[in-house]
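Asker: Would you mind keeping the following structure in view while I ask a few things?
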Amino acid sequence: MAETIDVGTHAGDDHGHDHHHEETFWSKYVFSTDHKMIGMQYMFTGMFMALIGGFFAYAFRMQLAFPGMDVPFWGIVTPAEYNALITNHGAIMIFWVAMPVLIAAFGNFLIPLMIGCDDMVFPKLNRLSYQIFLLSAVVLLASFVVENGGFGGAWTSYPPLSAKHEYSLTPLGSSLWITAVALEFVAFLIGGINFVTTAMNSRAPGMKLYDIPMVVWMIVVASILFMASVGPLIAGAIMLFMDQNLGTHFFDPNAGGDPILWQHLFWFFGHPEVYVVLLPATGITAEVMCVFARKKLFAYRTVLYTTFGTGVLSFTVWAHHQFIAGIDPRMAHVFTITTLLISIPIAEMMFVYIATLYGGDIRLKTPMLWALAFIAEFLIGGVTGIFLGASGADIYFHDTYFVLAHFHYTFFPIAIIGVYAGVTFWYPKMFGKMMNDTLGKIHFWGTIIPFNCIFIPLFVLGAAGQHRRIHDFTQYPELAQYQDVRVFATVSLVIMLLFQFVFIYNFFMSLRKGKDAGPNPWNSTTLEWTTESPPGHGNWKELPTVYRGPYEYQVPGRDKDFWPQNEPN
């Protein structure tokens, strides 16, 4: 349907549904080209993968806390299984949870609704993107059941450990893992083309660039970042696959190859990847905060320019992951400076958000709690990252639990808190029902408190010099003294995981028994709230026209404290 739109002139077109064919189950839920359904497919696939990634974390943390004992629902965790668990926990949570939910699910669901069009520009390409992504998840899951099990060479997959089967001991698992990653990247390349093209070409009449909601901008910039950074890693993945299976030696130092080359290729993608998932989460936070503080986003244009600046800077920091890999100390100084520089725009964004809260009529609904928690927890991740960006300090902290704690204070706010903020905020629009707010708050506190109990102690372990990739710490007397800390962190993880069942119950119970949401339950101003909940096929019977920016709250002289983008003056 979207291919027939005359871009920019579609206001007033008849977008009724009489001309649509009756959809079958397969065409509506499995082979759909509707952007909303594809967004749902990404979201539910991501949530399913999150359950697997969370279970892996439970299994290897239990081994760390109670080494050599049977782990309920798993059994004895052998060293090879431990390696596979930590490898695939990291890979799944980044590539199959954070990216599909934050970019693909929210991007698909929100972009056409928030810019006022009826679908993506290339709906069939959109469907292909999800199908390739689903295939990548199947290939990854298949790697766990082949001979010798899943890949265990860490999510960074450094060669030569990952390049030779006699080192990784997982000949099929490692090849399937790298194939799954490559497929997943192809899927997001295709999806990113759709996001950028749609946002730039299918906006509602009257919507200027500065009228685009911030979360749409953030997803568009994240898509561009991904497309610009992933090429070298796809090439590296092909080279690694050839080293594993075709006898090439790109990364084999004994045959003239260079394992450090992989680190350059991986981190040239890997560090911009942080911002690929961070930007959509910060965009979601901006939307939620404006609605529940009843205020315009402070310094909209500054945030937008900062987003572009952050994207450019993100390509200049990758080598800070290689301070102990033999990098020239003079280059280490350069990358120390660029790494510390990128903390400036990110800190500025966080302070702009705090300024947005100042003087606002703040309403502590569940989505707002998640948005506030995003800022608080991410600031801890940002501040502790300064230690790792400085080459002198990083040499001591490298590969210790300090890095792991910092990483989780960065990624947990992005991949978990950001997702919960978005799901609880747009749930009424997605399903036409309200989630139970009391259960939402129980889930919030049952997640945030244990999360801090898990990872603050790990900063202590890291400062004590404890390495992150050890199967059984009790084998080393000098490391065993902190076993109580490991037990405390593990018990906290189990508590946090148990509280996720509150969310699952609330999610599905509210589908059946939740209060009807109506089109605009939060009294919001952006376009997605101007159509029915959930929106029908084509989104609007008559596509909207835009008259103002996205965050007009408490405008003097108006009866209502919000002024939707599509209401004439």
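Nothing in this text is a laboratory measurement; each read-out follows from the coordinates by a stated rule. Given the structure is predicted, the values throughout are model-derived calculations rather than measurements. Cβ: placed from backbone, ideal geometry, glycine included. Neighbour counts: every protein chain shown.
Asker: Between ILE504 and ALA235, what is the label-to-label distance in nm when each label sits 7 Å out along the Cα-to-Cβ direction?
Answerer: Between ILE504 and ALA235, the label points sit 4.3 nm apart.
Asker: Sticking with this one: Evaluate the relative contact order of segment 283-351 (contact order divided by residue number), counting alpha-carbon pairs under 8 angstrom at least 6 apart; express in whole percent.
Answerer: 34
Asker: Taking the Cβ-Cβ separation of LEU511 and ILE456 as r and a Förster radius of 35 Å, what is the calculated FRET efficiency to the nearest 0.05?
Answerer: According to the calculation, E is roughly 0.45.
Asker: Sticking with this one: Once you keep just the Cα pairs under 8 angstrom separated by 6 or more residues, what percentage relative contact order results for the chain?
Answerer: 18
Asker: Treating only the Cβ atoms of Lys and Arg (+1) and Asp and Glu (-1) as charged, compute the dipole magnitude of the chain about its Cα centre; round to the nearest 20 debye.
Answerer: Numbers: 28 positive and 39 negative charges, 212 e Å.
With Lys and Arg at +1 and Asp and Glu at -1, about 1020 debye.
Asker: What is the sum of charges around THR384, taking Lys and Arg as +1, Asp and Glu as -1, for the other residues whose C-beta is under 13 Å from the C-beta of THR384?
Answerer: In short, -2.
Asker: Can I ask one more? Kindly point out which whole DSSP H helices in the chain project their C-alpha atoms 15 angstrom or further along the helix axis while averaging a Kyte-Doolittle hydropathy of 1.0 or above. Don't skip to the answer; put the middle values down first.
Answerer: Working: long enough: 35-65 (44 Å, 0.83); 79-91 (18 Å, -0.31); 123-142 (29 Å, 1.11); 171-201 (46 Å, 1.32); 214-245 (45 Å, 1.79); 259-293 (50 Å, 1.12); 300-313 (20 Å, 0.58); 329-357 (43 Å, 1.37); 366-389 (34 Å, 1.65); 401-412 (16 Å, 0.94); 418-431 (19 Å, 0.51); 437-463 (39 Å, 1.21); 483-513 (45 Å, 1.20).
Helices meeting the criterion: 123-142, 171-201, 214-245, 259-293, 329-357, 366-389, 437-463, 483-513.
Asker: Highest mean first, how do 107-120, 417-430, 55-68, 391-404 rank when packing is the count of other Cβ atoms within 10 Å averaged over residues?
Answerer: Per-residue mean Cβ counts within 10 Å order the peptides as 107-120, 417-430, 55-68, 391-404.
Asker: Pull out the extension gain between TYR167 and LEU246, defined as 0.36 nm times the separation in residues minus the alpha carbon to alpha carbon distance; nm, one decimal.
Answerer: Using 0.36 nm per residue and subtracting the Cα-Cα distance, I get 26.8 nm.
Asker: Using a cut-off of under 13 Å, list every residue of segment 520-545 whose amide N is near the label point 7 Å from the Cα of ARG363 along the Cα-to-beta-carbon line.
Answerer: Counting backbone N atoms under 13 Å from the label point, the list is 520-525.
Asker: Hey, with R₀ at 45 Å, roughly what FRET efficiency would LEU51 and ALA480 work out to, going by the Cβ-Cβ distance, to 0.05?
Answerer: 0.90
Asker: Just one of [x] 23.4; [y] 24.6; [z] 25.3 is Kirkwood radius over Cα pairs in Å calculated from these coordinates, so which is it?
Answerer: The value matching this structure is [y].
Asker: Sticking with this one: Ignoring the sites themselves, what is the longest stretch of the chain with no GluC sites (Glu not before Pro) in a DSSP loop and at most 15 other beta-carbon atoms within 10 Å?
Answerer: The segment 148-531 is the longest one with no such site.
Asker: Right, next: Report the charge-dipole magnitude of segment 358-508 in Debye, nearest 20, computed about the Cα centre from +1 at each Lys and Arg Cβ and -1 at each Asp and Glu Cβ.
Answerer: Computed charge dipole of segment 358-508: roughly 560 debye.
Asker: Using a Förster distance of 60 Å, how high is the FRET efficiency between THR197 and ILE386, based on the Cβ-Cβ distance and rounded to 0.05?
Answerer: Given R0 = 60 Å and the Cβ-Cβ separation, E is 0.95.
Asker: With label points built 7 Å along Cα→Cβ from the Cα atoms of ASP437 and LEU125, find their separation and express it in nm.
Answerer: 4.2
Asker: Here's a follow-up. Around TRP529, with a cut-off of 12 angstrom between Cβ atoms, what is the net charge of the other residues, counting Lys and Arg +1 and Asp and Glu -1? Numbers along the way, then the final one.
Answerer: Working: positive: LYS429; negative: GLU287, GLU528, GLU532, GLU567.
Once all neighbours under 12 Å are counted, the net charge is -3.
Asker: Do the alpha carbons of any pairs in LYS441/LYS541; LYS36/LYS208; LYS433/LYS560; LYS429/LYS560; LYS208/LYS541 sit beyond 30 Å of each other, and which pairs?
Answerer: In this structure, LYS441/LYS541 exceed 30 Å between Cα atoms.
Asker: Moving on to the next point. Over segment 500-569, what is the mean sequence separation of C-alpha contacts under 8 Å (at least six apart), divided by residue count, expressed as relative contact order in percent?
Answerer: 29
Asker: On to the next question. Need the list of aspartates and glutamates near LYS295 for cross-linking: C-alpha distance under 12 angstrom, and skip anything on the same chain fewer than eight residues off.
Answerer: GLU287, ASP361, GLU552, ASP561
Asker: Straight-line reach from LYS513: which aspartates and glutamates have a Cα under 20 Å away, not including same-chain ones fewer than 8 places off?
Answerer: ASP437, GLU532
Asker: Once the convex hull of the C-alpha atoms of segment 324-389 is built, how many Å³ does it hold per residue, rounded to a whole number? Walk me through the intermediate numbers first.
Answerer: Values: hull volume 5.4 nm³, N = 66.
Once divided by residue count, the hull of segment 324-389 is 81 Å³.
Asker: If amide hydrogens are placed 1.01 Å from N in the peptide plane, which non-local residues have theirs closer than 5 Å to the one on PHE562?
Answerer: Under 5 Å from the amide H of PHE562 lie the amide H atoms of GLN554, each far enough along the sequence or on another chain.
Asker: Show me the ranking of peptides 207-214, 466-473 by mean Cβ neighbours inside 10 Å, starting with the highest. List each step's numbers first, then the result.
Answerer: Values: 207-214: 18.9, 466-473: 16.6.
Ranked from most to least packed, the peptides come out as 207-214, 466-473.
Asker: Between segment 84-113 and segment 46-80, how many Å separate their Cα centres?
Answerer: Between the Cα centres of segment 84-113 and segment 46-80 lies a distance of 21 Å.
Asker: Right, another one. Add +1 for every Lys or Arg and -1 for every Asp or Glu among the other residues with Cβ under 12 Å from the Cβ of MET434, and state the total.
Answerer: Summing Lys/Arg as +1 and Asp/Glu as -1 gives +3.
Asker: If you don't mind, another one. Find how many whole Å separate the alpha carbon centroid of segment 488-535 from the alpha carbon centroid of segment 134-205.
Answerer: 29
Asker: Moving on. For GLN466, list long-range residues whose amide hydrogen, built 1.01 Å from N in the peptide plane, is under 5 Å from its own amide hydrogen.
Answerer: Distant-sequence amide H within range of GLN466: TYR401.
Asker: Expressed in nm to one decimal, what extension gain is obtained for the pair LEU261 and ILE354 from 0.36 nm per residue of sequence separation less their Cα-Cα distance? If you can, show how the numbers build up before the last one.
Answerer: Numbers: separation 93, 0.36 × 93 = 33.48 nm, distance 4.12 nm.
Residue separation times 0.36 nm, minus the Cα-Cα distance, leaves 29.4 nm.
Asker: Same structure again: How much length is gained if the chain between ALA376 and GLU23 is pulled fully straight, taking 0.36 nm per residue apart and subtracting their Cα-Cα distance, in nm to one decimal? Spell out each step's value before the answer.
Answerer: Numbers: separation 353, 0.36 × 353 = 127.08 nm, distance 4.54 nm.
The ALA376-GLU23 span can extend by a further 122.5 nm.
Asker: Over the alpha-carbon set of segment 416-569, divide Rg by the Kirkwood Rh and report the Rg/Rh ratio to two decimals.
Answerer: 1.20
Asker: Right, next: In terms of modelled amide H atoms, which long-range or inter-chain residues lie less than 5 Å from the amide H of VAL71?
Answerer: ILE76, VAL77
Asker: In deg cm²/dmol, rounded to 500, what helix-only [θ] at 222 nm does the chain give when every DSSP H run of at least 4 residues adds -39500 (n - 2.57) and the total is split over its residues?
Answerer: -20500 deg cm²/dmol
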